[in-house]
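Please treat every number below as a calculation from the coordinates, not as lab data. Note that the coordinates shown come from a computational prediction; the quantities given were computed from them, not determined experimentally. Here the Cβ positions follow ideal geometry from the backbone for every residue, glycine too, while neighbour counts run over all protein chains shown.
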Amino acid sequence: MDSDEGKLFIGGIAWDTSEETLTEYFTQYGQVTQAVIMREKPTGRPRGFGFVVFSEPSVLDRVLQDRHTIDGRTLLKFHFNYMGGGKKGFIKGRTANFL
């Protein structure tokens with residue numbers, strides 16, 4: 001994950017969601033080159049957020065416009081900005097009960 005181009009921050013990921021599940025889900029928007037769920041170093045437990053990297057950064061616009069539900073958690077668009085010439089998108093997750 002050296003390049004931020006095409007990288008999407010995903011928050012509110014369910015504890016049982018795997019990197020494979022993220023990859024499978026987001027492939028509907030384009031080729032996913034990497035999906036990572038951040039984990040606690042001492043325990044290896046998921047921290048509830050991660051990153052998805054697309055080979056084509058232009059798909060971020062489409063991804064950020066849609067609502068996403070993965071493993072019972074609805075991920076909502078939270079923030080989108082341009083930094084360093086590359087697009088960065090942030091999706092913050094909430095459970096369906098908060099909608």
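Peptides 12-25, 31-44, 59-72 ordered by packing proxy, namely the average of other Cβ atoms within 10 Å per residue, highest first: 12-25, 59-72, 31-44.
Remark: the range 6-17, residue by residue, has Karplus-estimated 3J(HN,Hα) of x, 8, 10, 7, 10, x, x, 6, 4, 4, 8, 6 Hz, where x stands for each Gly or Pro and the curve is 6.51 cos²θ - 1.76 cosθ + 1.60 at θ = phi - 60°.
With a simple spin-label model that places each label point 7 Å from the Cα along the Cα-to-Cβ direction, the separation between Arg45 and Glu19 comes to 2.1 nm.
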